[in-house]
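The values are calculated or read from the model by the stated rules, or taken from the named source; none is laboratory data. Given the structure is predicted, the values throughout are model-derived calculations rather than measurements. As a convention, Cβ positions derive from the backbone with ideal geometry for all residues, glycine included, and neighbour counts pool all protein chains shown.
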């Protein structure tokens, strides 16, 4: 593919999930790092109530070289109209229907439901747009912790003992079985959320019931998982044919476990990149990361999180989860791991955009309707 002009990259950020603010900070970091000689950035925000907003203030700030701490997505509401080809129409709530014009590639920076779970990816597929990251299937499996665990087990990957509960279906007897199987302490998580939102640690039956109640505020499916006494190791995966794994990093939580506050507010967690592991362990965890990535049908990028259990049963690496749209904030582990693996942040973004365009062309050829980048 040959592009004589700058690629037009839509940064899609914000969203309706509890991780809205994280997404906004990620978008600022990505916009700053994209080479203005190669890319024309088109920032589009999704408000908490689902309005699609033209972030014109962000564009002005970008061109002026000065950025706020986060995009301002307030202002007149717009909504998606029926997309056609690769031109996305955004209708203003008042008057007029401005077009964003031709978009070459979309860079979704939406964390959590309605962004990372395959819903937006499906919309972009229908619109015929190239986009960064996993497709519909990989995004959906990578978002749903219950299905993700089932994929790990089916592929023979070591993972912590766990149980799934569904709102309106589970009973006292199910909680009894969870106690017997997992014991205490255990962790309770909404199945479809990230950034440790809604996650609680339960130390007894009362705590378990309370933690389940908290998790059900965010999702109708809940994952209960055994507590692992071990190190928290993360590996970044990049590419498709074949995917490759970064050097591993390690999270040393500042709290009892790696909480939302630890990740984005307090800054008390210590992020070590690379992790202190011997060469054999490094090779092992990188191999497991790629296997987990492929088990969930991920594409282009994901961060794979592990527990490394040395004491007790000494099971070694246990796959915890994959994150198909990892954080891209300045302190996020995904870009840091590629930095220490020899891929600087701007180059990482270049590779992700190239992967998106290559996949788009590959699938268009199979469908018999080839498109040149973002041309209608």
Free of Cβ contacts under 8 Å to residues at least 40 places away in the same chain and surrounded by 21 or more Cβ atoms within 10 Å (Cβ to Cβ): does that describe residue 235? no
TODO: Report yes if some residue within segment 85-100 is assigned to a loop (DSSP other than H, G, I, E, B), modelled with pLDDT of 80 or more and over 30 Å from residue 199 (Cβ atoms); otherwise report no.
DONE: no
Restricting attention to segment 305-340, the residues that are touching a helix residue (DSSP H, G or I) at 6+ places or on another chain (Cβ under 8 Å), within 11 Å of residue 148 (Cβ to Cβ) and part of a strand (DSSP E or B) number exactly 4
Filter segment 238-250 for residues that are part of a strand (DSSP E or B) and free of Cβ contacts under 8 Å to residues at least 60 places away in the same chain; the one that is surrounded by the fewest Cβ atoms within 10 Å (Cβ to Cβ) is 244
| said: Looking at segment 136-146, can you tell me whether even one residue there is at pLDDT 95 or above, over 30 Å from residue 350 (Cα atoms) and either assigned to a loop (DSSP other than H, G, I, E, B) or more than 13 Å from the chain's Cα centre (by Cα) (or both)? | reply: yes
Matching residues in segment 319-346 (touching a residue at least 12 places away in the same chain (Cβ under 8 Å), surrounded by fewer than 21 Cβ atoms within 10 Å (Cβ to Cβ) and over 16 Å from the mean Cα position of the chain (by Cα)) number 6
*Any residue at all in segment 280-298 that is surrounded by 24 or more Cβ atoms within 10 Å (Cβ to Cβ) and either part of a loop (DSSP other than H, G, I, E, B) or at pLDDT below 95 (or both)?*
yes
The residue from 206, 117 that alone is surrounded by fewer than 17 Cβ atoms within 10 Å (Cβ to Cβ) and either over 30 Å from residue 240 (Cβ atoms) or not assigned by TED's automatic domain parsing to the domain that holds residue 307 (or both) is 206
Per the filter on segment 29-60, residues within 26 Å of residue 18 (Cα to Cα), in a helix (DSSP H, G or I) and modelled with pLDDT under 80 are 56, 57, 58, 59
By residue number, the members of segment 329-343 that are farther than 13 Å from residue 238 by Cβ and out of contact with any strand residue (DSSP E or B) (no Cβ under 6 Å at 6 or more places or on another chain) are 329, 330, 331, 332, 336, 340
Apart from one, (1) in contact with a helix residue (DSSP H, G or I) (Cβ under 6 Å, 6 or more places away or on another chain); (2) crowded, with 17+ Cβ neighbours inside 10 Å; (3) at pLDDT 95 or above; (4) assigned to a loop (DSSP other than H, G, I, E, B) all hold for residue 274; the odd one out is (2)
Whether any residue in segment 192-213 is under 30 Å from residue 249 (Cα atoms), touching a strand residue (DSSP E or B) at 6+ places or on another chain (Cβ under 6 Å) and in a helix (DSSP H, G or I) is what I want to check. yes
Open item on the list: Whether any residue in segment 193-211 is at pLDDT 95 or above, in contact with a helix residue (DSSP H, G or I) (Cβ under 7 Å, 6 or more places away or on another chain) and over 25 Å from residue 18 (Cα atoms) is what I want to check.
Closed with: yes
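Test residue 122 against the criterion of being over 12 Å from the mean Cα position of the chain (by Cα) and assigned by TED's automatic domain parsing to the domain that holds residue 30, and give yes or no.
Yes; evaluated as a whole, the condition is true for this residue.
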